[in-house]
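Read-outs: derived from the displayed coordinates by stated rules, not from any lab. Remember, predicted model here, so these are calculated numbers, not experimental data. Counting neighbours? That spans all protein chains shown, and the Cβs are built from the backbone with ideal geometry, glycine included.
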């Protein structure tokens, strides 16, 4: 797992979202907007996003982590933190 | 000999445009093979063949709008060598589509999903020992002309001498090479002993100018709409097939040169002046035509069906708990979402209350013998499709989930198959992801009920005199009062509730 800085993380997130919503318009998405609502990701889309992010970053994303993936800034922080230090034993 | 007809790809479909043939005259087809792409008001659908046999004449050229039930091609259940002449390989109305027979069919290896294409199958059948057993009947019945003679020289087509399966002398390696490079062996002149096609012949023959590019139907449509030449687009799909995203990327990158005049008529086939509008208005037209189709169907439903509505709020604590435990040790790709369980419960309840599962026809209700769930899928550009999960009541949640993901994805990318658009006995709509708690739907005729699920939300909930916070979902039923009364509908929702309390049994 390669540590990501914030800008790497943002681009992985945006790129993954674009693979699910090809015409996603990031110009109308603020860092603290709920991107699921703004970009109209349904639960299947969101699951695909989790799958892509986990595949591309090597970060294990459990269901309990889903709330961290609500806004671009939260999600960025989540990926930066998780790639910086592998999580200890969980649950 | 039977006619392959324009299928009804939904109760609301009256006609469709034959967009593209994926087989050519002489190809062996098996029941279930995708043979053509048909454009309905709603989407481009891959249409399957309903019987096995040999494709005879193609009666309708690409780009033609024909009513449901109209013959599109002749399928010979048994190959009759004399019945097919070289000239018949072109569509009857070939005047407008003038092209040599070899260019009229897709070349080997270009079937959209990378399965061995029917074109390949046709030649396969000529290879003697390679002939697959399921197709033996057709080949044997076709008499001596179809009996392959290894190494026989390929002759120009002449009436009565041209067998159903073109006789081509080529070894398995050469065949494989041809498949790989998209070379039509039937069009290759063999220079080997006895006219046998050699490796060098195949290499010389590839790539034919303007050869067909592997691409998904949606990518083709998009390329057509955006006026992008597919040969200039780099494909990132299976085996380099061009996907819609690649077309979009090409447009954005400015690498999709406009090339209105192309030598290959296959890609021009949808552009006949009488059927094609200016390219840039076409995507818009699709949305418009879908809107109209939905408008017509829903107006009819509202006019003809006396709806009644019921709702029940269902405690999902057990179901959500089960899902959480189930997903805990799974990678994201294998996780389930609530929708999968809700669909399963809706399907099993339909089996328990068969009076809601079927059709209203000729002033009477006909129960369906199986539970095929239509699943309303909203499209990003607007509109919706309701692809069908057949026998949903018998599928374990994992399988149901996989089907759901696959169908939703393909519905949105315009790659549904004909069998996936028909046969729904009951439709389910879930609007929870859009943030509403309940949906009171309009029934999709001729079905007699529509089940709705809203968002899973946390609510105060009293159990055994104690107040707690529970995840709950509101399930609704819109039902046809001609077919059932409220008591039946109530039984259905009660069953859905009960089933969701024991998710491990679903």
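Build a GNM of chain A with springs between Cα atoms under 10 Å: which of A:52, A:44, A:79 gets the top mean-square fluctuation?
Result: A:44 has the largest fluctuation of those listed.
Can you give the % of DSSP beta bridges in the stretch B:305-505 that are antiparallel, to the nearest 5?
Details: 30 of 37 bridges.
Close to 80 percent.
Which value in deg cm²/dmol, rounded to the nearest 500, describes the helix-derived mean residue ellipticity at 222 nm for chain A, given -39,500 (n - 2.57) per DSSP H run of n ≥ 4 and division by the residue count?
Details: 4 runs with 47 residues, N = 91.
Value at 222 nm, helices only: -16000 deg cm²/dmol.
Specify whether the C-alpha gyration tensor of the stretch B:305-505 places it in the rounded, prolate or oblate class, a ≥ b ≥ c being the square roots of the eigenvalues: rounded for a/c under 1.5, otherwise prolate if a/b is larger than b/c and oblate if not. Before the final figure, lay out each step's value.
On the way: a/c = 1.67, a/b = 1.15, b/c = 1.45.
Since a/c reaches 1.5 but b/c is at least a/b, the shape of the stretch B:305-505 is classed as oblate.
Quantify how strongly other chains surround peptide B:324-332 by giving the mean number of their Cβ atoms within 10 Å of each of its Cβ atoms. Before the final figure, lay out the partial values.
Numbers: counts 3, 0, 0, 3, 4, 1, 2, 6, 14.
Going residue by residue through B:324-332 and averaging, the value is 4.
With each pseudo-label sitting 7 Å past Cα toward Cβ, what's the residue B:363-residue B:199 distance in nm, one decimal?
About 7.4 nm, to one decimal.
Starting from the Cα gyration tensor of chain A, take the square roots of the eigenvalues, sort them a ≥ b ≥ c, and report rounded, prolate or oblate (rounded when a/c is under 1.5, otherwise prolate if a/b is larger than b/c, else oblate).
Details: a/c = 1.76, a/b = 1.50, b/c = 1.18.
Verdict is prolate for chain A.
Roughly what would the spin-label model give for residue A:15 and residue B:334, points 7 Å off Cα along C-beta, in nm?
The modelled label-to-label distance comes out at 2.7 nm.
So for the pair residue B:31, residue B:504, with labels modelled 7 Å out along Cα→Cβ, what separation do we get in nm?
4.0
For helix A:43-57, report the angle its Cα long axis makes with the longest principal axis of the Cα atoms of chain A; keep it between 0 and 90° and round to the nearest 10°.
50
When Cβ neighbours within 10 Å are restricted to other protein chains, what is their mean count per residue of peptide A:37-47? It would help to have the intermediate numbers written out before the result.
Working: counts 3, 0, 1, 4, 1, 10, 9, 11, 5, 3, 8.
Average neighbour count from other chains, rounded to a whole number: 5.
Starting with the fewest neighbours, write out A:1, B:298, B:13, B:466 ranked by other beta-carbon atoms found within 10 Å of each beta-carbon. Please report the intermediate quantities before stating the final value.
Working: A:1 12, B:298 16, B:13 21, B:466 7.
In increasing order of surrounding Cβ atoms, one gets B:466, A:1, B:298, B:13.
Rounded to the nearest 0.05, what FRET efficiency do residue A:27 and residue A:1 have when you use their Cβ-Cβ distance and R0 = 30 Å? Please report the intermediate quantities before stating the final value.
Values: r = 31 Å, r/R0 = 1.04.
Efficiency for this residue pair is about 0.45.
How far, in degrees from 0 to 90, does helix A:6-20 lean away from the longest principal axis of the Cα atoms of chain A, to the nearest 10?
50
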